[in-house]
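The values are calculated or read from the model by the stated rules, or taken from the named source; none is laboratory data. All values derive from a computational prediction rather than experimental measurement. Heads up, the Cβs are rebuilt from the backbone with ideal geometry, glycines too, and the neighbour counts pull from every protein chain shown. Note: areas computed on protein heavy atoms with side chains; ligands, DNA, RNA excluded. Shrake-Rupley method; radii C 1.70, N 1.55, O 1.52, S 1.80 Å.
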Amino acid sequence: MNLAFLWHMHQPDYRNADGVMQMPWVFLHAIKDYYDMPWMLERHGTLKATFNITPPLITQLKLYYENPQANDKFFALWLRDISTLNRTEYRWMLKICKSAHFETMVAGFESYEKLYKQESYTNAEFFDLQVWFLLSWCGVYLRQNSSVVQEMLQKDGSFSLDDKHALLHELTLFVRGIFDYYVSLKERGIISISTTPLNHPILPLLLDMQNAKIANESTNTPKYAINLEEDALLQIKRAQELFVDTFGFQNDGFWPAEGAVDVKSAALFKKCGASWIATDEEILFRSSGTSKRELLYAPYEYNGLAIAFRDHELSDLIGFNYRFLEPHHAAADFLSRLQTIHRKHDDATVFIILDGENAWEFYKNNGFDFFDALYSSLKTAPFLQTLHMQDVLELPKKPLEHLAAGSWINGEFNTWVGHREKTRAWEFLYITKRDYEHHQELLDSATQERIRKHFLAAECSDWFWWYGDDHFTEFGLEFDALFRSHLIDIYTLMQVAPPQDLLEPIIQNRSSSDFLLQPQSFLSPTISGKHGSFFEWIGSGVINEHKSASTMDLPKTPIKKILYGYDEQNLYFAFVPHKKAIKECEKLRIIIDPIGFSEELTMEEKNHITAKSGDVVYEAAYDTWLEARIEKAAIKEQKISIRFEVLKEGTVVQTLPGFGVLEIDIECDFSERWFV
């Protein structure tokens, strides 16, 4: 039988707008896992495997080659005099330095154990804690081969600044050689190397958000999702370009982020020259309409693209279960399961695909003892051989007629969309994309490219992974801030004020019911621009922008409230200004999708106009406030999405509604409400 390992090496893009990484996990896994994993394989000579290395990992690892402290927030603070750290910096560093898994990374180092359990520190103790933290992340290879690491591990603390500099210098030199090591193993035929689309996006959701409902019909998806096929194609092509630049040859295959596939994404991979992709067994079972396991043990071909389907159980045993067993018992159990498969299917090809970095900190000795036992048993097993994916391409393949949409987690996409926070993040992405499309032609090509990079980064699966209640990290707020920063930076580059809610953490986002009142009855106000009779707007909907914004932002918002409603012929809007903030604002732009309506209403006293935008007639007046009427007759779409922008000296200083897009059903008669 054939056994094909694929180890997936991935980190999200931790860089902020200044290009500085806000968390140190790329470097930490580099000194612990990215070299150690292929090294542990190489030690056993005849074994083979595939290593999938993602573009964000590649790009960020290279930033450590020269000056770690300039490119990483952690190392900038790590090298600072502790007395100069402010309270926020100190507490953040403490959280990082206490994040190491105690049982497998801290226990055994007496000085580190003592410091780890303390609640308060002298500056000297905190200094030692910082050094021990970095030492605890050094992998087995470094502990066996680096004299600097060995000497420092023998100390009981009392580290010096020279120790810090010597350690960081040693580790930086080590990191520089990791990718060269992969290339050398590839040239010797020990490994093959693949990659993932640029920012680790869930391609099927970019291509069609309805894939989430196809995989699980109960999934709550954004109501105003848009197709992001152009971005999806860029994610693949730019990953290929970075791969060639890094390794010197073209990758022949991809592990799609989270094993997420569908018909359209498979076609994109094929279009871009890929020979193979890999995903989970559940996708095979859904594609074939049966869960017979004998179907699993072969490579397949779908529309000219080879597909490997991971054995979910065997892969998860390594990722989640074997850490609890003695290494030789775990290895024996794994081999026994392979023997059972071989007895039933003597020509089987089994694919073991899993994370190649995050599990080992929960294993003793960073998984070295387990892998030593496992690889030793595999090397001597007479009934199997290990292959990498380039070998697999030479094997006969079974035809696959249909490819179901799904991921490696339950064959669904609910890990990345469905929960209120996850869906909210997608909504912000779509809102930003729509706003960009309305401003794109005004931007030069360099600015458009910078914005494009932010969009691609915001599409990373990791942001959506950490939203919701299905996964937990102590760094949830940091992930949240990084995701929103990409979208906020897009508005900054457009010189447009971002929606107020984008400035608030999604993890703590409030329900729209806190600041949204839906229309209660028909209304037909006179468009005069004056805040006249109270009764004209009785029953209107209300969007209270000041309730949706933080208190410190109140003076910055020219419009503090929107009233809206309709009758059978017209839509009506009134904009209640903040008297001081509105003074220097000249116009309010109304944007209606998908009908292409985009008009600027002038906010000058006594101004009153009636005009047409295409076939749509509208009326607007400004005196004490701005009022607008839009005729429904020429609007052919049943559902429209509305955004507003307030302009000051040609710059957008406020986007409305702050919570997203106001979606209106033109045919609504109050049996169905307006909704957001």
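Suppose we filter 428, 413 for residues that are under 19 Å from the mean Cα position of the chain (by Cα) and under 25 Å from residue 301 (Cβ atoms); which single one remains? Give the derivation first.
Numbers: 428 fails: under 25 Å from residue 301 (Cβ atoms).
Going through 428, 413 in turn, just one is under 19 Å from the mean Cα position of the chain (by Cα) and under 25 Å from residue 301 (Cβ atoms): 413.
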Please verify whether residue 164 is among the charged types (D, E, K, R) and modelled with pLDDT under 95, treating the condition exactly as stated.
no
Being of a type in the set (Lys, Arg), more than 30 Å from residue 371 (Cα to Cα) and open to solvent by 50 Å² or more (accessible area, probe 1.4 Å) narrows it down to one of 62, 73, so name that one.
73
Taking segment 240-274, which residues are open to solvent by 60 Å² or more (accessible area, probe 1.4 Å) and touching a Leu at 6+ places or on another chain (Cβ under 6 Å)?
263, 264, 270
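Residues of segment 315-340 being of a type in the set (A, V, I, L, M, F, W, C) and either crowded, with 21+ Cβ neighbours inside 10 Å or touching a Leu at 6+ places or on another chain (Cβ under 8 Å) (or both), which ones?
Selection gives 318, 330, 331, 334, 335, 338.
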Scan segment 577-596 residue by residue and report those that are of a type in the set (Gly, Ala, Ser) and crowded, with 19+ Cβ neighbours inside 10 Å.
581
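Looking at segment 387-475, what helices (runs of 4 or more DSSP H) fall wholly within it and have at least 2 residues that are among the β-branched types (Val, Ile, Thr)? Lay out the reasoning, then the answer.
Details: elements: 389-392, 420-439, 445-458, 461-466.
Ranges flagged: 420-439, 445-458.
Name every residue in segment 338-362 that is in contact with a Ser or Thr (Cβ under 9 Å, 6 or more places away or on another chain) and either of a type in the set (Gly, Ala, Ser) or part of a helix (DSSP H, G or I) (or both), in order of residue number. If you could, list the steps in order and put the result at the bottom.
In the first step, residues of segment 338-362 are kept if they are in contact with a Ser or Thr (Cβ under 9 Å, 6 or more places away or on another chain); the result is 351-354, 360-362.
Across segment 338-362, the qualifying residues are 360, 361, 362.
Look at residue 486 and say whether it is of a type outside the set (Gly, Ala, Ser), surrounded by 18 or more Cβ atoms within 10 Å (Cβ to Cβ) and either at pLDDT 85 or above or more than 21 Å from the chain's Cα centre (by Cα) (or both).
Working: of a type outside the set (Gly, Ala, Ser): yes; surrounded by 18 or more Cβ atoms within 10 Å (Cβ to Cβ): yes; either at pLDDT 85 or above or more than 21 Å from the chain's Cα centre (by Cα) (or both): yes.
Here the answer is yes, as residue 486 does meet what is asked.
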Could we say that residue 13 is in contact with a Cys (Cβ under 9 Å, 6 or more places away or on another chain) and open to solvent by 10 Å² or more (accessible area, probe 1.4 Å) here?
yes
Residues in segment 347-361: is at least one open to solvent by 10 Å² or more (accessible area, probe 1.4 Å) and farther than 16 Å from residue 320 by Cβ?
yes
Specify the residue that is farthest from the chain's Cα centre (by Cα); the eligible residues are those in segment 300-337 that are farther than 17 Å from residue 407 by Cα, of a type in the set (S, T, N, Q) and not in a loop (DSSP other than H, G, I, E, B).
336
Elements of type strands (runs of 3 or more DSSP E) in segment 571-664, at least 2 residues being small (Gly, Ala, Ser)
607-613, 616-622
Only one of 198, 185 that is surrounded by 24 or more Cβ atoms within 10 Å (Cβ to Cβ), in contact with a helix residue (DSSP H, G or I) (Cβ under 8 Å, 6 or more places away or on another chain), within 30 Å of residue 67 (Cβ to Cβ) and touching a residue at least 60 places away in the same chain (Cβ under 8 Å):
198
Identify, please: which residue in segment 620-638 is open to solvent by less than 30 Å² (accessible area, probe 1.4 Å) and among the acidic types (Asp, Glu) and is, among those, farthest from residue 524 (Cα to Cα)?
623
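Go through the residues of segment 155-175 one by one and say whether even a single one is small (Gly, Ala, Ser), open to solvent by less than 10 Å² (accessible area, probe 1.4 Å) and over 28 Å from the mean Cα position of the chain (by Cα). If you could, list the steps in order and put the result at the bottom.
Here is the first cut: in segment 155-175, the ones small (Gly, Ala, Ser) are 157-158, 160, 166.
Filter once more, keeping what is open to solvent by less than 10 Å² (accessible area, probe 1.4 Å): 157.
Filter again for over 28 Å from the mean Cα position of the chain (by Cα), leaving 157.
Checking segment 155-175: at least one residue is small (Gly, Ala, Ser), open to solvent by less than 10 Å² (accessible area, probe 1.4 Å) and over 28 Å from the mean Cα position of the chain (by Cα).
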Can you name the condition, by its number, that residue 189 falls short on among (1) under 19 Å from residue 252 (Cβ atoms); (2) touching a His at 6+ places or on another chain (Cβ under 7 Å)?
(2)
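Which residues, taken from segment 430-467, are among the polar types (S, T, N, Q) and either open to solvent by 50 Å² or more (accessible area, probe 1.4 Å) or in contact (Cβ under 8 Å) with a residue 24 or more places away in the chain (or both)?
To start, the set of residues in segment 430-467 that are among the polar types (S, T, N, Q) comprises 432, 440, 445, 447-448, 461.
Within segment 430-467, 432, 440, 445, 447, 461 qualify.
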List pairs: first in segment 369-392 and under 18 Å from residue 336 (Cβ atoms), second open to solvent by less than 20 Å² (accessible area, probe 1.4 Å) and aromatic (Phe, Trp, Tyr), Cβ under 7 Å, 6+ apart or cross-chain?
370/322; 370/363; 374/334; 386/5
Determine which single condition residue 420 fails, assuming it passes every other condition in (1) of a type in the set (Lys, Arg); (2) surrounded by fewer than 20 Cβ atoms within 10 Å (Cβ to Cβ); (3) modelled with pLDDT of 95 or more.
(3)
Please indicate, with yes or no, whether at least one residue in segment 657-673 is modelled with pLDDT of 85 or more and either of a type in the set (S, T, N, Q) or touching a helix residue (DSSP H, G or I) at 6+ places or on another chain (Cβ under 9 Å) (or both).
yes
